[in-house]
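Step one of this worksheet: look at the structure below.
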Amino acid sequence: MKRFEYLEARTVRQVISMLQRYGENARIVAGSTDFLVRWRAGVWNPGHVINIQRVAGLGRITYSSRNGLRIGVLVTVQALEQHPMVRRRYPALAAAAASFAGVQVRNLATVGGNICNASPSGDTIPALLVFGAECRIAGPDGDRWVALDQFFTGPGQTVLRNDELLAEVRVPPPPSNTGSHYIKHSPRGAMDIATVGVASLVSLDGRRGPCSEARIALGAVAPTPVRAYSAEDILRGHDLSQELIQAAADSARDGVQPISDIRGSAEHRKEIVGVLTRRTLEQALNSAASGPLTFEDQRRLTVQAAF
Amino acid sequence: MKKQLQITVNGEPRQALVEPYYSLLDTLRDELHLTGTKKGCDEGDCGACTVLLNGKPVCSCLVLAHSAHDAEVTTIEGLANGLELHPVQQAFVERGGLQCGFCTPGLILSTVGFLESGEEPTEENIKHALGGNLCRCTGYTKVIEAVVAASRWNRDSQGTE
């Protein structure tokens, strides 16, 4: 275990100048839930650790019907789960936050950390993907925007340069008659990393109308979280029957090439993708047609999936 | 290089000289000699090290000690009032919510955090709140009963104030 120098930044400008100075030898931490574990294991060996937890202005979460959700990079997963507008307008995101580790980790872990660590199984990522999230990245020359589906380049790899900081995630408001859901499957349930995580979103043209938009995102089955585009294409523009949902689920299952590891074999993962795609689509369609689930019902689904 | 850390633990301001890589857990146990907080997995999976950090349950094994400077920490040692147990401790004793006791400080602090969050103490909400605490003895049924009992006392005592 290599020793490191501990630095704290108070402003985004300070973070950028520390990053410019220490470059690849620096690691940004906030909740540090991943950092300490990986440092102890010798996986991450930075010479300089930059704690951004007290950087001003990055810890806010706000919602407006016009601009949607703005999530500062330091917003904790717990704050995301507890936010009333996340629960009402972005149920898949609330469900993803609720299935994320335990409350002791959710109180520390940040949405920004979950994104930047770029784990294929990061729980918040599939849900953010189906809502079309965008990332505001701060750098020496100002801000740039990157769509979340362009943000990941491999396991643990992102488009962030050594002197850049993810500052904020924006999630557009979903259209009316939209439903969404996220289900995570893992061996232990609570606390465990996902074997497979699936988020689905369905928008209808009117309450009974055809499907105007369908998005499906899959976690833990590829080097990065991925959209299931061909499965989405089966649904878009059509009246959603049980047969069509099953066809989309089959397409999502057949379209992935997961690996076998300690949490499940490739064959097992493919089957779970099919099952969870169908279940999340059914739930999303249900909510799109007849309004979102109450928080109590959402909580029951999450706890039943985990215990 | 060790640096000075200022932290309020169980209402008392404390100082410790700790390395940058020290966790809050190691600081509590090895520097401040508060060994009621247990080290189980040391990677955030078991919940035995749960303390309240500024009132919220956290795994103290995952917190960089220096990131908690000027923070308020509550450990299991801070709950009882002299010989009088905290209502949550009393409920765990009376309902048999513990056997070997290793996970108990963490479970009790998660319960205190849950009851103070104001969420309804339904069985689902209790399971959700305690999902981060592993217990290999009790099977959890009596733990959940203890939380329900403690929530009633909590409500009754608030009602009489």
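What follows draws every value from the coordinates through simple rules; no lab data is involved. Just so it is clear, the structure is predicted and the values come from calculations on it, not from any experiment. Methodologically, a virtual Cβ is constructed for each residue, glycine included, from the backbone with ideal geometry; neighbour enumeration extends over all protein chains shown.
Using a Förster distance of 35 angstrom, determine the FRET efficiency expected from the C-beta separation of B:Glu119 and A:Ala289, and round it to 0.05. Here the calculated transfer efficiency is 0.75.
Backbone geometry of region A:255-260 corresponds, through the Karplus equation with coefficients 6.51, -1.76 and 1.60 at θ = phi - 60°, to 3J(HN,Hα) couplings of x, 9, 10, x, 9, 8 Hz, x marking Gly and Pro.
Taking the centroid of alpha carbons for each part, region B:10-86 and region A:266-307 are 37 Å apart.
Summing -39500 (n - 2.57) over the DSSP H runs of n ≥ 4 in chain A and dividing by its residue number, what mean residue ellipticity at 222 nm do you reach, to the nearest 500 deg cm²/dmol?
Working: 12 runs with 111 residues, N = 307.
Result for chain A, helices only: -10500 deg cm²/dmol.
Would you please put A:125-132, A:42-49 in order of how densely packed they are, using the mean number of other Cβ atoms within 10 angstrom per residue and starting with the highest?
On the way: A:125-132: 27.1, A:42-49: 15.5.
Per-residue Cβ counts within 10 Å, averaged per peptide and sorted highest first, yield A:125-132, A:42-49.
Residues B:Cys59, B:Cys49, B:Cys41, A:Cys211, ranked from the fewest to the most other C-beta atoms within 10 Å, line up as B:Cys41, A:Cys211, B:Cys49, B:Cys59. Of the peptides A:216-225, B:25-34, the order by per-residue mean of other Cβ atoms within 10 Å, starting with the highest, comes out as A:216-225, B:25-34. Angle of helix A:12-22 to the longest C-alpha principal axis of chain A, folded into 0 to 90 degrees and rounded to 10: 60°. Largest GNM mean-square fluctuation among A:Asp149, A:Asp297, A:Asp233, using chain A with Cα springs under 10 Å: A:Asp297. Karplus-derived 3J(HN,Hα) values for region B:61-74, using 6.51 cos²θ - 1.76 cosθ + 1.60 with θ = phi - 60°, are 6, 9, 8, 5, 3, 5, 6, 9, 5, 6, 8, 9, 10, 10 Hz; glycine and proline are entered as x.
Ranked for footprinting exposure by Cβ neighbours inside 10 Å, fewest first, A:Tyr90, A:Tyr182 give A:Tyr90, A:Tyr182. When both region B:103-161 and region A:175-237 are represented by their alpha-carbon centers, they are found 33 Å apart.
Helix A:242-254 and the longest principal axis of the C-alpha atoms of chain A enclose an angle of approximately 40°.
For region B:3-78, compute Rh as the Kirkwood radius over C-alpha pairs and then the Stokes-Einstein diffusion coefficient at 4 °C and 1.567 mPa s; write the answer in µm²/s, rounded to an integer. The Stokes-Einstein estimate is 109 µm²/s.
With the convex hull of its Cα atoms as the shape, chain A has an orientation-averaged projected area of 14.9 nm².
Amide H to amide H distances under 5 Å link B:Gly55 with B:Thr74, where only residues 5 or more positions off or on other chains count and H is placed in the peptide plane. Listed from fewest to most Cβ neighbours within 10 Å, the set B:Cys100, A:Cys135 follows the order B:Cys100, A:Cys135.
Kindly work out what percent of the DSSP beta bridges joining two residues of chain A are antiparallel, to the nearest 5. Could you put the intermediate results ahead of the total?
On the way: 41 of 49 bridges.
Once the DSSP bridges in chain A are tallied, antiparallel ones form about 85 percent.
Compared with the alpha-carbon gap, the fully stretched path from A:Leu244 to A:Asp261 is longer by 3.0 nm at 0.36 nm per residue. For B:Lys3, the amide hydrogen comes within under 5 Å of the amide hydrogens of B:Val18, B:Glu19, counting only partners 5 or more places away or on other chains and with H modelled in the peptide plane.
For B:Glu94 and B:Cys41, compute 0.36 nm times the residue count separating them, minus their Cα-Cα distance, and round to one decimal in nm. Present the calculation step by step, with values, prior to reporting the outcome.
Numbers: separation 53, 0.36 × 53 = 19.08 nm, distance 2.81 nm.
Result: 16.3 nm gained on full extension.
Under a 5 Å amide H cut-off, with hydrogens placed 1.01 Å from N, A:Ala109 pairs with A:Val77 among residues at least 5 apart or on other chains.
Separation of region A:52-113 and region A:1-16, taken as the distance between their Cα centroids, equals 23 angstrom.
Could you work out the relative contact order of chain B, using alpha carbon pairs under 8 angstrom and six or more residues apart, expressed as a whole percent? The partial results should precede the final answer.
On the way: 274 pairs, mean separation 36.4, N = 161.
Here the relative contact order equals 23 percent.
Measuring between alpha carbons in the structure, the pairs from B:Lys3/B:Lys38; A:Lys270/B:Lys39; A:Lys2/B:Lys56; B:Lys38/B:Lys127; B:Lys2/B:Lys38; A:Lys270/B:Lys56 lying more than 27 angstrom apart are A:Lys270/B:Lys39; A:Lys2/B:Lys56; A:Lys270/B:Lys56.
Below 8 Å between Cα atoms, with a sequence gap of 6+, how large is the relative contact order for chain A in percent? Can you show the working numbers first?
On the way: 701 pairs, mean separation 50.1, N = 307.
Result for chain A is 16 percent.
In sequence order, region A:3-8 has phi-based couplings of 6, 9, 8, 9, 10, 10 Hz under the Karplus curve 6.51 cos²θ - 1.76 cosθ + 1.60, θ = phi - 60°, and Gly or Pro positions carry x.
The angle between the Cα long axis of helix A:266-290 and the main principal axis of chain A comes to about 70°, on a 0 to 90 degree scale.
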